[in-house]
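Enquirer: Following this message is one structure expressed as structure tokens.
The values are calculated or read from the model by the stated rules, or taken from the named source; none is laboratory data. The model shown is predicted, which means the values in this text are computed figures rather than measured ones. Every residue, glycine among them, receives a Cβ derived from its backbone with ideal geometry; neighbour counts consider all protein chains shown.
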Amino acid sequence: MLQDLASGLIMGLAYASIAVGLSLIFGVLRIINFAHGEFYMLGGLILYSLTNGGISFFPALAGAVLGTMLLAAVIDRLVLKPLRRKDDATIALATLGISIFLANTGLVLWGPVPHNIPTSFSTTPLILPGSVYLSRFELFTAALTLVAIVGLHLVLQRTSAGRQIRAVVQDRDAAALVGLDVDRIYTTTFAVGCGLAALSGGLLGSMFLVYPSMGLAAVLKAFVVVVIGGMGSLGGAVAGGILLGVTESLSGAWMPPGFKDIIGFVFIILVLAVRPQGIFGIKQVRIR
Amino acid sequence: MTMLDVAKLNVAYGPVQALRDLDITVNAGEIVGLIGANGAGKTSLLRTISGLVDALSGSIRFLGEDIHSIATRKIVRAGIAHVPEGRHVWPDMTVEENLVLGGVAAPGKASTASRLDEILASFPELSGRLHQKAGTLSGGEQQMLAIGRGLMSSPKLLMLDEPSLGLAPVIVQRVKEIIVALNRDGLTVLLSEQNARLALGATHRAYVLAEGRVVSSGTPQELMQKADLIAAYLGESDTLPETGDAK
């Protein structure tokens, strides 16, 4: 029971970090990033190539995240920026196009075979009180994810750049009318959101395996989390991620493992039926 | 001196034409009114001047420079502040955060802090509420905050879109006093209003808009001679000021 809770928390934090990026991008750019899972995948596969090329784990992880952020910024400028004033459906289709393009590029570059990423962590598990076994890498994953999410929160609340991002979230026209560079804020936010996905891709990819189609499962989880927590709410994404991770993990005790993925969708149905804006969501999402 | 010169402006949202060959000018030091019913094109005109909406054709010149189809942030830096209809303060940010962000485009000569002090002096209703979330302010206070935020960029031209919307008459009077006081200090104002009492009571000249065109223009006294016409365009009969109310 405690073991399931601990593993669930770690998975939940990883779900949260993918979902926080998705939610942040939705809040600022007002688009649903269907390519989010592919940036998660790129984080994992770039990390694999860098470690495989002899770079040690930590610089390789930083390189994978920064590389993915740079690519996301370029994609925003080349593909999404020209579509800013188009309708939501056009932009959603564009991100779907980016998703297909990146998934197939991944297939060309890395092939369909799953790869294993070696980490420099000892494989002896730590035994926590209550005979909970966790690997050192799992703890590192949880800690780094937590640092990334808390760091993002502090940047949003305390810095001028964060204030500008919140201004765009709360009222885009007003942000433009005081002279904020809304386009630059969009690009930065898209890169940061995709970078969080890449971080999770690298961390979870090192726990499991990395392969070009790994993004699909991740983005589905992230959508579930964002719907549960509420679109555009970072706290909601964290709470939703942990709720989903822990419930999935605890369900192992009384459900066959194959049914685990159902839980998220049951959550979605319940939330949409009872509180369609999500547990922490903004009631009226202004899409304009 | 002509500050703002809009000529032959055409704007459309898909098949719907919002502005048709519209011409207006604003001279430095003036308060110019835009009067018209909902959908007459007042908001479209201001949004096009600010670069939030692209024009199909026509020209917009500000202080001699062509500002047609340049980025909104550059238009703000050129000296135009636009206080949008519905106030659009950032509801989950404090009054102070709203004002400070309003100053991001201010020219370097006046520091944000001293601008902030000046604005709080003109809007005493805000100074006690600096750390309160903007969304918890009353409508009138939000309007003051929206105007104050616009002033943080040290504009040469202040464009106000329906500042009286949804406000009690006593607050509308306060808004009018503020506009007149700002103008006395040298600020040029373009004021869009459905409330003709405010629009004609505070302005030097006004344009009457209907269906995206200018249908009449002149001083408040001249326009009041055509009170019936304006009332017909506004679709209301009791919004005109009594004679003598105008400056």
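Enquirer: Does at least one position in region B:89-103 carry a residue that is among the aromatic types (Phe, Trp, Tyr), modelled with pLDDT of 95 or more and under 26 Å from residue B:203 (Cβ atoms)?
Expert: Within region B:89-103 (the criterion being among the aromatic types (Phe, Trp, Tyr), modelled with pLDDT of 95 or more and under 26 Å from residue B:203 (Cβ atoms)), the answer is no, since none of the residues qualifies.
Enquirer: A further question follows. Which of the numbered conditions does residue A:87 fail, given that it passes all the others? Conditions: (1) surrounded by fewer than 12 Cβ atoms within 10 Å (Cβ to Cβ); (2) within 19 Å of the chain's Cα centre (by Cα).
Expert: Condition not satisfied by residue A:87: (2).
Enquirer: So, restricting to strands (runs of 3 or more DSSP E) that lie completely within region B:22-88, which ones have at least 3 residues that are within 14 Å of another protein chain (Cβ to nearest Cβ)?
Expert: Output list reads B:80-83.
Enquirer: Right, something else. Select from region A:200-213 the residues that are under 15 Å from residue A:11 (Cβ atoms) and part of a helix (DSSP H, G or I) and write down the one among them that is nearest to the other protein chains (Cβ to nearest Cβ).
Expert: Kept after step one, since they are under 15 Å from residue A:11 (Cβ atoms), are these residues of region A:200-213: A:200-201, A:203-208.
The next check asks that each one be part of a helix (DSSP H, G or I); those that pass are A:200-201, A:203-207.
Values: A:200: 27, A:201: 31, A:203: 31, A:204: 32, A:205: 36, A:206: 37, A:207: 36 Å.
Within region A:200-213, the match that is nearest to the other protein chains (Cβ to nearest Cβ) is A:200.
Enquirer: Return the residue satisfying two criteria in turn: it lies in region B:113-137 and is under 24 Å from residue A:172 (Cβ atoms) and not aliphatic (A, V, I, L, M), and of such residues it is farthest from the other protein chains (Cβ to nearest Cβ).
Expert: B:132
Enquirer: Looking for whichever is out of contact with any Asp or Glu (no Cβ under 8 Å at 6 or more places or on another chain), surrounded by fewer than 22 Cβ atoms within 10 Å (Cβ to Cβ) and closer than 21 Å to residue B:233 by Cα here; the options are B:10, B:38. Which one fits?
Expert: So the residue among B:10, B:38 that is out of contact with any Asp or Glu (no Cβ under 8 Å at 6 or more places or on another chain), surrounded by fewer than 22 Cβ atoms within 10 Å (Cβ to Cβ) and closer than 21 Å to residue B:233 by Cα is B:38.
Enquirer: Still on this structure, I have one more. Take the residues in region A:163-197 that are under 15 Å from residue A:22 (Cα atoms) and hydrophobic (A, V, I, L, M, F, W, C); name whichever of them is surrounded by the fewest Cβ atoms within 10 Å (Cβ to Cβ).
Expert: A:192
Enquirer: For residues that are more than 10 Å from every other protein chain (Cβ to nearest Cβ) and out of contact with any Lys or Arg (no Cβ under 6 Å at 6 or more places or on another chain), scanning just region B:95-112, find the one that is nearest to residue A:177 (Cα to Cα).
Expert: B:107
Enquirer: Among the residues of region B:121-144, write down those that are closer than 21 Å to residue A:179 by Cα and either free of Cβ contacts under 8 Å to residues at least 40 places away in the same chain or assigned to a loop (DSSP other than H, G, I, E, B) (or both).
Expert: B:144
Enquirer: Name every residue in region B:175-189 that is surrounded by fewer than 17 Cβ atoms within 10 Å (Cβ to Cβ) and either aromatic (Phe, Trp, Tyr) or farther than 18 Å from residue B:80 by Cβ (or both), in order of residue number. Don't jump to the end; show me each part of the working.
Expert: Going residue by residue through region B:175-189, those that are surrounded by fewer than 17 Cβ atoms within 10 Å (Cβ to Cβ) are B:177, B:180-181, B:184-186.
Matches in region B:175-189: B:177, B:180, B:181, B:184.
Enquirer: Here's a follow-up. Looking only at helices (runs of 4 or more DSSP H) that fall completely inside region B:149-229, which ones have 1 or more residues that are free of Cβ contacts under 8 Å to residues at least 24 places away in the same chain?
Expert: B:169-184, B:220-225
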